[in-house]
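This report refers to the structure that appears directly beneath it.
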Ligand code: SF4
Ligand code: SF4
């Protein structure tokens, strides 16, 4: 640190980077702090506990309720089981998440940032550890400046140790969503885990450690793209954390029986709102991009106002429109329903509806037929024409099923199926295993005279023998060039 | 260096170098950059010691870890063989007909056979046995030497006219070499065409039938049904190997062409031969 007084500085070339100023957020109690802990608790509880929930899926199937298994190529969510080709559900969830985020932002500003973002939640946790070991803001600042005494060394090391422990647990926790939680824990602890398991644990642990322990507000200010474009979701009716300058200014140090009281504002310039701010800014300078909307300065200011017996909410969660109204002495009213919120909300419900529809009408069976391209067709010794098809049946439920297969719309069509029907048949019975893809090689043949065109449209008909359900699959039959 | 001069304007130290009154500013590399650089140097030195690196006069420095990419490849191949062992053992032990009865073995054979076929057989027989001019289609139901699993396996293993002792072998005489007259050849061709009702000259066909009985029946059969013992093609079907026109047939009778297929035993192992035979059998014509 360069401590030369400013006037002795030789002019410097301007730096591209701002010098990092360490922020020491002060502890504050209050309404929003409580809410934040509750939300953090819920998020962490989900993150750390959800993978341990069990869900019986029957013999040989994973019994973890929430599991995105890369090995099995399945995404399990309680009784839902998503196959790789249904990955659009994931797209749907992502779309849902972003529209939800837009709606929340349009209504209540940066609530995502202030209350639910992982960066915020884990930073809160890390700061809480720091606070409990090194003390509150002033103590921490002093400790950082102090020489390396035993006291400093043990506090700093203990903090690092706990941070690292939290990071490792967080890192490993991420794996549990992709691999069985119990098995992976045992693997990791007994030293028999794979490189991938240790590697990813180390990766997520180190990012947690760096981002929550050190980078903190720098992530929000410099790294995260979200603050850069969320301004597009705001309007003057969105709630934001704002300072009622019209009421607070001119600020002055609190003095009892101040004879000039009437002309002074409510702000007593105690700086508490700055001290508690996790990004180290002064909200009284107006709305700033660094503000993550955590509302801790609201708690801070309210605590002071209550002590002084002045009206609270000098720093408040309010909309710009309301603030303008209030400063003009008009009464403010909340406008939740606006064009923007209606648009986001209808989009949100549309996506939810679409996904719900998709899930409800989701077939548990999919057919995939590939007609041979080489050879396009085969001429048999008696002059008949034959086409080959690779027939795949995806049975997405864990119960074996039986189907009968026949061909329609192709005159004189008969089939042979490798391994099932050696001689020509009209229909064939196909047995399909549960929860798997079964492949059949099917040959369809007909006489040359039956073909009017080089390519005839025809279709396969699959009938579930148990339920009678019928599925058609359109395909084509190729013959010689006409 | 006691008195380092500091540049007034930029506030940066100078190096003390001066050219024509122009002084050089001392702007060292960023510390993190340098350290990264040093670490890579240290890494490189360690690497050179541990791994094969420098050439020496007649060999090279082998590295203290004893690593070699050749050994790595061999281990990988051994691992592969080990992983395949449970399968290959069954394949080696069972006759091909038994393998084809086991659904799992069948699927394994088809998957492996597909690759083996594409690498070795497809250049002549076309992908998925679609055939090529003068190379037989393997997907149809017409077989020269037999189309059941064992017959296919024998053909693949020993080849056709491959000079292997067990190879399938036969030769159609060149009837054009002073053996039959031009008109006799023409007549017999006409008769051959009559098997598929494409003959237009009934008289010639009739004359040809006598020649056919004399010269051809032994291999191609009385009704032209072919003879698999000699790889003699069926003459009464729609599959023509060297062409179905009158000219084509005359040409083949006068100076026959014969296909050759290598004995794959020399190039593929037993398991691969069984796999590829099962695959060929599955292409559509297997009997
Ligand atoms: S700015 Fe980005 S990282 Fe910071 S709280 Fe908001 S979303 Fe999270
Ligand atoms: S200004 Fe207030 S709301 Fe914004 S980040 Fe700081 S403490 Fe949180």
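Nothing in this text is a laboratory measurement; each read-out follows from the coordinates by a stated rule. None of the values given here were measured: they were computed from a predicted structure. When we count neighbours, we look across all protein chains shown, and the Cβ atoms used for this are built from the backbone with ideal geometry, even at glycine.
No solvent, one uniform scatterer per C-alpha: report log10 I(q)/I(0) for the stretch A:13-134 via the Debye equation at q = 0.09, 0.13, 0.20 1/Å, two decimals.
-0.45, -0.81, -1.18
Based on the alpha-carbon gyration tensor of the stretch B:1-67, what equivalent-ellipsoid semi-axes (square roots of 5 times the eigenvalues) come out, in whole Å, largest first?
Over the Cα atoms of the stretch B:1-67, the semi-axes work out to 45, 15, 8 Å.
Helix-only estimate, please: 222 nm mean residue ellipticity of chain B, summing -39500 (n - 2.57) across DSSP H runs of length 4 or more and dividing by its residues, to the nearest 500.
Taken over chain B, the calculation gives -15000 deg cm²/dmol.
Enumerate the residues in the stretch A:447-482 having an amide nitrogen under 15 Å from the point lying 7 Å beyond the Cα of residue A:424 toward its Cβ.
A:447-451
Taking 25 °C and 0.890 mPa s as the conditions, I'd like the Stokes-Einstein D for the stretch A:412-482 in µm²/s, using the Kirkwood hydrodynamic radius from alpha carbon pairs.
Diffusion coefficient, whole number: 176 µm²/s.
Report the extension gain between residue B:9 and residue B:39 in nm, rounded to one decimal, defined as 0.36 nm multiplied by the number of residues separating them, less their alpha carbon distance.
7.3 nm
With the cut-off at 27 Å, report for chain B the share of all Cα pairs above it, as a whole percent.
Result for the distance tail: 63 percent.
What order do you get for A:294-301, A:152-159, B:226-233 when each peptide is scored by the mean count of other beta carbon atoms within 10 Å, highest first?
Listed from highest to lowest mean packing, they are A:294-301, B:226-233, A:152-159.
Put a dot 7 Å past each Cα toward the Cβ at residue A:271 and residue A:350; how far apart are the dots in nm?
Distance between the two pseudo-spin positions: 5.2 nm.
What ranking, highest mean first, results for peptides B:4-10, B:216-222 when packing means the other Cβ atoms within 10 Å averaged over each residue?
Going from most to least packed, we get B:216-222, B:4-10.
Averaged across B:127-137, how many Cβ atoms of other chains sit within 10 Å of each residue's Cβ atom?
So the per-residue partner count for this stretch is 2.
Between residue A:226 and residue B:90, what FRET efficiency follows from the Cβ-Cβ distance if R0 is 45 Å, with the result rounded to 0.05?
0.20
Beyond 19 Å, what percent of the Cα pairs of the stretch A:149-230 remain?
That fraction is 52 percent.
Using the Kirkwood formula over every pair of different C-alpha atoms, what hydrodynamic radius in Å results for the stretch A:365-478? Present the calculation step by step, with values, prior to reporting the outcome.
Values: mean 1/r = 0.0692 Å⁻¹.
So the Kirkwood estimate lands at 14.5 Å.
Based on the alpha carbons, how large is the Rg to Rh ratio for the stretch B:236-287 when Rh follows Kirkwood?
Radius of gyration over Kirkwood radius for the stretch B:236-287 works out to 1.15.
Measure out, as a whole number of angstrom, how far apart the alpha-carbon centroids of the stretch B:112-178 and the stretch A:191-242 sit.
About 64 Å separates the Cα centre of the stretch B:112-178 from the one of the stretch A:191-242.
Find the relative contact order for chain B and round it to a whole percent, using C-alpha pairs within less than 8 Å whose residues are 6+ positions apart.
Taking the mean separation of contacting Cα pairs over the length of chain B, I get 21 percent.
For the stretch B:1-64 and the stretch A:104-120, compute the distance between their C-alpha centroids and round to whole Å.
47
Taking the Cα atoms of the stretch A:187-259 alone, what are Rg (to one decimal) and Dmax (as a whole number) in Å?
23.6, 76
What's the extension gain from residue A:476 to residue A:373 if we count 0.36 nm per residue and subtract their Cα-Cα distance?
Working: separation 103, 0.36 × 103 = 37.08 nm, distance 1.15 nm.
Contour length minus Cα-Cα distance gives 35.9 nm.
Tell me the relative contact order for the stretch B:224-287 as a rounded percent, counting alpha carbon contacts under 8 Å between residues six or more apart. Could the numbers behind the result be given before it?
On the way: 21 pairs, mean separation 8.2, N = 64.
Value for the stretch B:224-287: 13 percent.
Do the sum for chain A: with -39,500 (n - 2.57) for every DSSP H run of n ≥ 4, divided by all residues, what is the mean residue ellipticity at 222 nm, to the nearest 500 deg cm²/dmol?
When only DSSP H runs of four or more count, the value is -11500 deg cm²/dmol.
FRET efficiency for residue B:17 and residue B:56, Cβ-Cβ distance as r, R0 = 41 Å, nearest 0.05?
0.45
Hey, any idea what the orientation-averaged projected area of the convex hull of the stretch A:174-316's Cα atoms comes to, in nm²?
12.8
Using a Förster radius of 22 Å, what is the FRET efficiency between residue B:240 and residue B:203 based on their Cβ-Cβ separation? Nearest 0.05, please. Could you put the intermediate results ahead of the total?
Working: r = 24 Å, r/R0 = 1.09.
Taking R0 as 22 Å, the efficiency between residue B:240 and residue B:203 is 0.40.
For a quick protection proxy, order the peptides B:25-34, B:130-139 by their average other-Cβ count within 10 Å, most packed first.
B:130-139, B:25-34
Starting with the fewest neighbours, write out A:38, B:234 ranked by other beta-carbon atoms found within 10 Å of each beta-carbon. Walk me through the intermediate numbers first.
Numbers: A:38 11, B:234 21.
By the 10 Å Cβ count, ascending: A:38, B:234.
Treat each spin label as a single point 7 Å out from the Cα along the C-beta direction, and report the residue A:164 to residue A:406 distance in nm.
Going by the 7 Å Cα→Cβ label model, 7.2 nm.
I need the semi-axes of the equivalent ellipsoid of the stretch B:81-173: take the C-alpha gyration tensor, multiply each eigenvalue by 5, square-root it, list largest first in whole angstrom. Each step should come with its number before you reach the end.
Values: eigenvalues 135, 53, 34 Å².
Over the Cα atoms of the stretch B:81-173, the semi-axes work out to 26, 16, 13 Å.
Can you list, bin by bin at 20 Å, the percent of alpha carbon pairs in chain A, starting at 0?
With a bin width of 20 Å, the distribution comes to 17, 36, 26, 15, 6, 0.
Using square roots of five times the C-alpha gyration tensor eigenvalues, list the equivalent-ellipsoid semi-axes of the stretch B:182-254 in whole Å, biggest first.
Listed largest to smallest, the semi-axes of the stretch B:182-254 are 17, 13, 11 Å.
Can you pull the mean other chain C-beta count within 10 Å for peptide A:379-392? Walk me through the numbers before you get to the answer.
Details: counts 8, 10, 11, 6, 4, 3, 0, 5, 1, 5, 0, 0, 0, 0.
The mean count of partner-chain Cβ atoms within 10 Å per residue comes to 4.
Using alpha-carbon pairs under 8 Å, 6+ residues apart, how would you state the relative contact order of chain A in percent?
13
Hey, what angle do you get for helix A:31-49 against the long axis of chain A, alpha-carbon based, 0 to 90 degrees rounded to 10?
Result, in degrees: 30.
State the Cα centre-to-centre distance between the stretch A:457-482 and the stretch A:166-183 in whole Å.
Taking the Cα centre of the stretch A:166-183 as reference, the centre of the stretch A:457-482 is 47 Å away.
For q values of 0.11, 0.13, 0.15 Å⁻¹, compute log₁₀ I(q)/I(0) with the Debye formula on a Cα-only model of the stretch B:89-245, without solvent.
Rounded to two decimals, the profile gives -0.57, -0.74, -0.91.
Average partner chain C-beta neighbours within 10 Å, per residue of B:234-240?
3
Pop out the Kirkwood hydrodynamic radius of the stretch B:40-124 from its pairwise C-alpha distances, inverse of mean 1/r, in Å to one decimal. Provide the component values of the computation, followed by the final result.
Numbers: mean 1/r = 0.0589 Å⁻¹.
With all distinct Cα pairs of the stretch B:40-124 included, I get 17.0 Å.
Please provide three numbers in whole Å: the alpha-carbon extents of the stretch B:6-165 along the principal axes, with the largest listed first.
97, 40, 38
With only alpha-carbon pairs counted, each pair once and no self-pairs, how large is the Kirkwood hydrodynamic radius of the stretch B:60-108 in angstroms?
On the way: mean 1/r = 0.0749 Å⁻¹.
Result for the stretch B:60-108, one decimal place: 13.4 Å.
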